[in-house]
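Everything below concerns the one structure shown next.
The values are calculated or read from the model by the stated rules, or taken from the named source; none is laboratory data. Quick caveat, the model's predicted, so the values are computed rather than measured. In this analysis, Cβ positions are derived from the backbone assuming ideal geometry, glycine residues included, and neighbour counts consider all displayed protein chains.
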Amino acid sequence: MAVLVDTNVLIFSIQQGHPLGEASLKAIKSFLAADEPLCVLPQNIAEFWNVCTRPADKNGLGLTPNEA
């Protein structure tokens, strides 16, 4: 069964120290270990990019395009 990965799971999994970061990584690893295909849609990629590159003082992560 294919699993659609929510944008929040992607974002939390890269944020060091986020309370849901470890759970997000664990979920991704669990599906991969079970050979479940993970799906990311263009909407997820756009949302991820927007949050990653948005300034931290504007509720983003403040990453550079290269970091994102």
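Note on the range 25-60: residues that are touching a helix residue (DSSP H, G or I) at 6+ places or on another chain (Cβ under 6 Å), among the hydrophobic types (A, V, I, L, M, F, W, C) and farther than 12 Å from Ser13 by Cβ total 1.
When each of Ala33, Ala23 is tested for being surrounded by 12 or more Cβ atoms within 10 Å (Cβ to Cβ) and out of contact with any Lys or Arg (no Cβ under 8 Å at 6 or more places or on another chain), the lone residue that passes is Ala23. Condition test on Leu10, is it without any contact (Cβ under 8 Å) to a residue 60 or more places away in the chain and part of a loop (DSSP other than H, G, I, E, B)? No, not satisfied. Every condition in (1) touching a helix residue (DSSP H, G or I) at 6+ places or on another chain (Cβ under 9 Å); (2) surrounded by 12 or more Cβ atoms within 10 Å (Cβ to Cβ); (3) among the charged types (D, E, K, R) holds for Glu67 except the one numbered (2).
Which of the residues that make up the range 17-68 are in contact (Cβ under 8 Å) with a residue 24 or more places away in the chain and more than 13 Å from the chain's Cα centre (by Cα)? Passing the criteria: Phe31, Glu36, Pro37.
Rundown of residues vs (1) modelled with pLDDT of 95 or more; (2) surrounded by 11 or more Cβ atoms within 10 Å (Cβ to Cβ); (3) part of a helix (DSSP H, G or I); (4) among the basic types (Lys, Arg), yes/no style:
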| site | (1), (2), (3), (4) |
| --- | --- |
| His18 | no, yes, no, no |
| Asn44 | yes, yes, yes, no |
| Asn50 | yes, yes, yes, no |
| Asp57 | yes, no, yes, no |
| Leu63 | yes, yes, no, no |
